[in-house]
Amino acid sequence: MGRVYAILGDIHANIDALNVVLEDARAQGVTHFVCVGDVVGYNSAPAECIRIVRDELRCPCVRGNHDHYVSYLDTNLSDFHPSAAQVVEWTRSQLSDEDIQWLHDLPLQKPVMGFMLVHATLDKPNHWGYVFENSQAEANFSYQYTQLCFHGHTHVPIIYSNEPGGVVHYEARDFTLELGQRLFINVGSVGQPRDGDPRASYVVYDMANRHVRFRRLAYDVEAAMARNRAAGLPEKCAARLAEGR
């Protein structure tokens, strides 16, 4: 049996969404898990999500910007929106030294069995640049030497393709990888989707059959919102889960 990967990203400490995704992934025949970063941030279960990714799944993972802000303790938060800075400080208070060190030590990019993982872009992974347009994806392809690179950061699932006429994008859809294609694929967000659809998002990659599938799953959003409120996190962290924004 060939390897079937679940590509997770932007879990953002949402244990309710993560548990549903893991259950679905196993039902889809997934044999291996990887993560494109931001295990923590915004939501109320950072330690629990780290434990699952690090200890239970033991999956390759890259560092996202929220993982960075939480674990690089000298990061200046003065330019942050006050609510974002509040969540970073709160998250630090919930984690052990081991948890913080694990986040700190995550690489910015990582090759896995012939494909790449990065949180933002391969050209400047530590600048946390957002890719919303073809022109923003173009620089990434100068550094992408594999057919597939999976990323996150925008929380919006989409496919960027490097084609003879230039970079084009396609809406998230299932497809079979063709020889010669080079694709930069945003897997969406497990824990805080921002495309107007509150359902958790992740990708299944069947290596043997060269098939990529986008999965969207309903989970108990109300429970996740209640956890955030009980933790005293800013109301925006709860409200945006229902909005998918």
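The values are calculated or read from the model by the stated rules, or taken from the named source; none is laboratory data. Computed from a predicted model, the values in this text were never measured in an experiment. Note that each Cβ is placed from the backbone with ideal geometry, even for glycine, and that neighbours are counted across all protein chains shown. We work out accessible area using only protein heavy atoms, side chains counted, and drop any ligands, DNA or RNA first. Shrake-Rupley method; radii C 1.70, N 1.55, O 1.52, S 1.80 Å.
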### Task
Sort by residue number and name the cysteines in the chain that have no neighbouring cysteine Cβ under 4.7 Å.
Cys49, Cys59, Cys149, Cys237
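Taking all pairs of distinct Cα atoms, average 1/r, flip it, and tell me the Kirkwood hydrodynamic radius of the chain in Å to one decimal place.
Details: mean 1/r = 0.0560 Å⁻¹.
After inverting the mean inverse Cα-Cα distance, the result is 17.8 Å.
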### Task
Measure nothing fancy, just the Cα-based angle from helix 82-94's long axis to the longest principal axis of the chain, in degrees from 0 to 90, nearest 10.
80
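For the range 141-245, what is the accessible area per residue in Å², given a 1.4 Å probe and the full set of protein chains? Provide the component values of the computation, followed by the final result.
On the way: 4560 Å² over 105 residues.
Dividing the accessible area of the range 141-245 by its residue count gives 43 Å².
Let me know the longest stretch in the chain that avoids all GluC sites (Glu not before Pro) found in a DSSP loop with at most 16 other C-beta atoms within 10 Å. Write down the numbers at each step before the final one.
Numbers: sites that count: Glu133, Glu178.
Counting at most 16 other Cβ atoms within 10 Å as exposed, the longest clean stretch of the chain is 1-132.
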### Query
What list of ³J(HN,Hα) values in whole Hz, one per residue of the range 146-153 in order, does the Karplus curve 6.51 cos²θ - 1.76 cosθ + 1.60 (θ = phi - 60°) give from phi, with Gly and Pro shown as x?
10, 5, 10, 10, 9, 9, x, 6
### Task
Could you please state, rounded to a whole Å, how far the C-alpha centre of the range 12-62 is from the C-alpha centre of the range 80-157?
15
#### Entry: Nearest 10 degrees, 0 to 90: helix 15-27 Cα axis against the chain principal axis
30
### Query
Accessible area of Ser78, 1.4 Å probe, to the nearest 10 Å²?
90
### Cα long-axis angle, helix 221-230 against the chain (0 to 90 degrees, to the nearest 10)
40
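At 1.002 mPa s and 20 °C, plugging the Kirkwood radius over alpha-carbon pairs of the range 79-170 into Stokes-Einstein gives what diffusion coefficient in µm²/s? Provide the component values of the computation, followed by the final result.
Working: Rh = 15.2 Å.
Once the numbers are plugged in, D ends up at 141 µm²/s.
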### Task
Summarise the accessible area of the chain (1.4 Å probe, protein heavy atoms) by the percent that is carbon and sulfur.
48
### Phe80-Lys124 FRET efficiency (beta carbon distance; Förster radius 22 Å; 0.05 resolution)
0.60
### Message
Over 5 Å intervals from 0, what percent of Cα-Cα pairs in the range 1-139 sits in each interval?
### Response
2, 10, 19, 22, 20, 15, 9, 3, 1, 0, 0
### Query
With contacts defined as alpha carbon pairs under 8 Å and 6 or more residues apart, what's the relative contact order of the chain in percent?
23
### Query
Helix-derived [θ] at 222 nm for the chain: sum -39500 (n - 2.57) over DSSP H runs of at least 4, divide by residue count, nearest 500?
-8500 deg cm²/dmol
### Message
Of the candidates Ala139, Ala27, Ala47, which one comes out as most mobile in a Gaussian network treatment of the chain with C-alpha springs shorter than 10 Å?
### Response
Ala27
### Query
Top to bottom by accessible area (1.4 Å), largest first, where do Met113, Met207, Met225 land?
Met113, Met207, Met225
### Task
For the range 27-89, report the accessible area per residue in Å² (1.4 Å probe, heavy atoms, rounded to an integer).
40
#### Entry: Beta bridges per DSSP with both ends in the chain, % antiparallel, nearest 5
70
